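Notes follow once the structure below has been shown.
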Amino acid sequence: MNQLIKSIIFSYSQIFFSTNLIFGALLFVVSFFDIYAGLSGFLSVLTSNIIAKIIGFNIKNIDNGLYGFNALLVGLGIGVYFDFSLLLLLIIVLASVFTLFITVASEGILYKYGLPFLSIPFLIGIWGITLASSEFTHLGISQRGVYFLNELYLIGGQKLVDFYSWINELSVTHSLKTYFISLSAIFFQYNVLTGIIISIGLFFYSRIAFTISLIGFYTAYLFYIAIGSNISDVTYAYIGFNYILTAIAIGSFYIIPSKGSYFSTVFLMPLVVIITISLSSIFVVFGLSIYSLPFNFIVLLFLYIIKLRYTNHKYIAEVIIQNNKPEENLYSFINNNKRFGMQYKYFAIKLPFWGDWFVAQAHDGKYTHKEDWKHAWDFIIVNNDEKQFENDGNYVEDYYCYNKSIISPAKGVVVEIIDGIEDNIIGEENLLQNWGNTIVIKHSEYLYSQMSHIKKDSFKVKVGESVQQGQMLANCGNSGRSPYPHLHFQLQATPYVGSITLDYPISNYFINTNGKLKLENYKKPKLNQLVSNSQNNRILKNAFKFVSGQVINLKITKNTETYTHKLIIKTNINNDTFFYCEETKSIAYFVRTDNEFYFTKFIGDKKSILFYLSLSIYRINFSVFDNMITYDDIQVNLLNSKINLLLQDIIAPFYIYLSSKYKAKYLIDTDEITPEYSNLETCIFVNKYKKFTNNIKINNMGLESIEIISDNNTQLIEFEKLGKYE
């Protein structure tokens, strides 16, 4: 029953692309300003959702109202035009089922193009009923619109009638009044009161959607004036809402809200006006209203051509994971780009060796890294005096890097090996066989790594063999154009030896400066830097290994009270793993890679222990050293109050001034052979002010405890023995 009620309410809010219960409930009430139209709409969505459930359609789409809102619109339209009767109830049920079938069919057709079905099913349904209505001689045409005040009196008595009259007499501009009437037209009503209530609900649901609706509407309104068209056409025959819905769809819902989406809205709105005028002249011949046809036509056309782009643009970015709220889409998009932008953009490539190596030549090198081959590195090994050889350095064996292991920088397939070239005498070069002994590995389409000047007959792999990151490939030598032993390393887009180089970063590595380490992520080693691959801390990596079905029992002490709590690790159908709190129904999604553990999204109660837990261990790096400090960004709307977000939401597509930060300091056991603990101190900052601090203790058994310290209280979370998998 709860699911059925939610699916009905969401069917109302989905008209504005929303799954907000309060907004949906408000729209539900508004639809009953015409009681019989409201009943017709309710019967339509109820029929549609029940039939969808019985047949076995996508339960998620049913629950979210996606299979109900088109039937709702058809029901409202029928309820407005015809007198309420038993025969009309039958027509409504049949029209609802028909619209549902069109909805599912439209989804199936448009899904393969990655497009939404919008209100196309509504159009087909309402047009079908309208064209057939000339034969419905037993159905009376409704005159209720003429007596709208009588309808209001039945709902709220004389007080509601007086309030409506007062609203209509408000001294607002003609354009604003037209905006409100256009909003009310979405529910087949024609009054300012309904529009004001809907606009308040729209503002409550999304400040961005509300703002862009005004921008889109006023762009269309001004264009009507510019072309000298009759401005009353904006609301005539319920077409004014096309500009509002088009603006919301393109400016904030299907496209990430930004300068580009707002510009697109303003640019496209005159086209919506032109399409509206031209289609109206055609449909009037058949006695039909175009309803939401211009909105559907322009939105689908724009979304389709966006998908045909060869390159993406940061100002016109499609929403990939739909959160059903423009602010959530925008803030998560910005946050994910800050946190994982490099990971999304680049394949993870590591350094092709073990231990500390010195950058003898970097990009735009002094000697050989020039022009098309400038994005490459030469690596050597040096001692504490930055000397690369012992003795006099007259023999290849004197050089510290000679015969040292070369490893695969990432998983891939060996596509080329050149072998059999002798090492050069120190100081001489083999210009005929420039690259010397070389190996090329394919890591992905248009991404290959090349390592050159390798020692003859030292290869441990063959062409066609799959390799893993860190797997030994060969030994460093002095073949080819190499006056002294070194390793040449470059990344390229083609599999040929000596291909043009790519300007490509190394995923993560340490820089050693006088014994002080610094972790770099997706950067490019520079000349004279001492670099090494980052090494994972075993204690940390084991502590954050969570498996689907695992039960985590917590003992929580807050002030003087102690209680137990249970979290379960689960995986959804998309293979996303998350912590689940049965008590609060909260969810915290996380990812664990070879190098780190991090949370990606929280849904649920922000007062729950899971919320504080997810912030405490928001992002944990496994490649660490003692006293290392890392930072990360927290999604803006996760911690900032609704009051703080009020203005931020409105200007968010242009400027973000609020912030939330995460800081982690690692306190590592210095015994690298048998480490016993790896403690952390993490802090959460909101707009530069410290929100709370977390002291995290980790031992060989895993997470031991998390102490959360804030201004008001202290909580201690102790991790008891893990339960059985479920």
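The values are calculated or read from the model by the stated rules, or taken from the named source; none is laboratory data. Since the model is a prediction, treat every value here as computed from it, not as a measurement. Every residue, glycine as well, gets a Cβ built from its backbone with ideal geometry; the counts of neighbours run over all protein chains shown. With ligands, DNA and RNA removed, areas are computed over all heavy atoms of the protein, side chains included. Shrake-Rupley method; radii C 1.70, N 1.55, O 1.52, S 1.80 Å.
Before moving on, here are some points about what is shown:
- Counting charges near residue 256 (Lys, Arg +1; Asp, Glu -1) among other residues having Cβ under 10 Å from its Cβ returns a value of 0.
- Along the axis of the charge dipole computed for the chain (Cβ charges of +1 for Lys and Arg, -1 for Asp and Glu, origin at the Cα centre), the listed residues 180, 405, 497 are led at the positive end by 180.
- Set of the stretch 572-588 residues, backbone N closer than 18 Å to the point 7 Å along the Cα-Cβ line of residue 553: 580-583
- Computed in the context of the full set of protein chains, the accessible area of the stretch 554-623 at 1.4 Å probe radius has 45% of its extent on carbon or sulfur.
- Average Cα contact separation per residue, the stretch 24-123, under 8 Å, 6 or more apart, as relative contact order %: 30 percent
- Nearest-0.05 FRET efficiency for residue 444 and residue 338, computed from C-beta distance (R0 25 Å): 0.55
- Proximal lysines relative to residue 350, as straight alpha-carbon distance under 16 Å, when same-chain residues fewer than 8 apart are discounted: 411, 442, 518, 523, 524, 526
- Spatially proximal lysines relative to residue 6 (Cα-Cα < 30 Å; intrachain offsets below 8 disregarded): 53, 60, 112, 325, 566, 570, 585, 601, 606, 607, 642
- Mean separation of Cα contacts under 8 Å, 6 or more apart, over the residue count of the stretch 261-387: relative contact order %: 13 percent
- Computed E for residue 87/residue 226 - FRET, C-beta separation, R0 51 angstrom, nearest 0.05: 0.60
- Other residues within the sphere of radius under 13 Å centred on the Cβ of residue 605, judged by their own Cβ, net out at +1 (K and R +1, D and E -1).
- The mean accessible area for residues of the stretch 564-704, using a 1.4 Å probe and ignoring ligands and nucleic acids, is 50 Å² per residue.
- Using only alpha-carbon positions in the stretch 526-685, the gyration tensor eigenvalues give semi-axes of 28, 24, 16 Å once each is multiplied by 5 and square-rooted (largest first).
- Relative contact order, whole percent, for the chain stands at 8, derived from Cα pairs under 8 Å and 6 or more residues apart.
- Aspartates and glutamates whose Cα lies under 13 Å from that of residue 338, excluding same-chain neighbours fewer than 8 positions away: 632, 633
- Taking Cβ atoms as reference points and 11 Å as the exclusive limit, the residues near residue 557 contribute a net charge of -1, counting Lys and Arg as +1 and Asp and Glu as -1.
- All Cα-Cα separations within the stretch 473-581 were binned at 10 Å from zero, giving a P(r) of 10, 21, 24, 19, 16, 8, 3, 0, each value a whole percent of the pairs.
- Length gained when the stretch residue 305-residue 697 is fully extended (0.36 nm per residue, less Cα-Cα span): 135.9 nm
- Here the dipole of the chain is about 1060 debye; that uses its Cα centre as origin and unit charges on the Cβ of Lys and Arg (positive) and Asp and Glu (negative).
- In summary, the stretch 605-709 shows an alpha-carbon radius of gyration equal to 1.26 times the 2.2 N^0.38 Å reference for compact globular proteins.
- In plain terms, the chain from residue 387 to residue 50 could stretch by 113.4 nm, reckoned as 0.36 nm per residue minus the Cα-Cα distance.
- For the chain, radius of gyration divided by Kirkwood radius, i.e. Rg to Rh on alpha-carbons: 1.08
- Extension gain, residue 582 to residue 512: 0.36 nm times the residue separation minus the Cα-Cα distance gives 20.6 nm.
- Note that the stretch 262-345 carries a Kirkwood radius of 15.5 Å, evaluated over its alpha carbons pair by pair.
- Over the C-alpha atoms of the stretch 481-542, the Rg to Rh ratio, Rh being the Kirkwood estimate, stands at 1.06.
- Tail beyond 26 Å, pair distance distribution of the stretch 217-372 (Cα, percent): 48 percent
- Less than 5 angstrom separates the built amide H of residue 401 from those of 381, all sequence-distant by 5 or more or on a different chain.
- Inter-centroid distance (Cα atoms) of the stretch 629-657 relative to the stretch 379-400, Å: 53 Å
- Using a Förster distance of 25 Å, the FRET efficiency for residue 204-residue 605 (Cβ separation, nearest 0.05): 0.80
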